[in-house]
Amino acid sequence: MLTGNIQIDGKVDGTIRTTKLVTISPSGSVEGKIYADHAIINGQFEGDIYAKNVDVLANGCLKGEVTSAELTIEKGGSFLGISKTVSSDEIAEQINAERQQKKELSIVTDAHPKKTASA
């Protein structure tokens, strides 16, 4: 998990995790999941967002599921999907649960030595 702000100006497929801000600029496109304290969508996003605050700006298009304490959509911005309003504490728990699950998966994966093919 990153601990700094992230700005997306190009295309990203996958999961983005930070304890700070994720900004998708007008030229940016993300397909996947975002876990962040704050997400600003001013480009294209499709997937799931877990953030305390989500702002869809005038050039933003958000398709998917938003779980947040606060969702703002500016005039001109679009949102197609499902919004769940939860407390900031619930967002933090969700992010920590995901991190713990990944850590447990990593521990299990690391416990098994890699097998190599022999000739």
Using a Förster distance of 22 angstrom, determine the FRET efficiency expected from the C-beta separation of residue 72 and residue 5, and round it to 0.05. 0.75
Which one, 4, 35, 81, is farthest towards the positive end of the dipole of region 1-95 when Lys and Arg carry +1 and Asp and Glu -1 on their Cβ? 4
Summed residue charge, Cβ within 9 Å of residue 67's Cβ, Lys/Arg positive, Asp/Glu negative: -2
Under a point spin-label approximation (7 Å from Cα along Cα-to-Cβ), what is the residue 88-residue 58 distance to one decimal in nm? 2.9
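Here, each number is a calculation from the coordinates, and none is a lab measurement. The structure presented is a predicted model; accordingly, all values stated were derived computationally and were not measured. All Cβ positions, glycine included, derive from the backbone under ideal geometry; neighbour counts span all protein chains shown.
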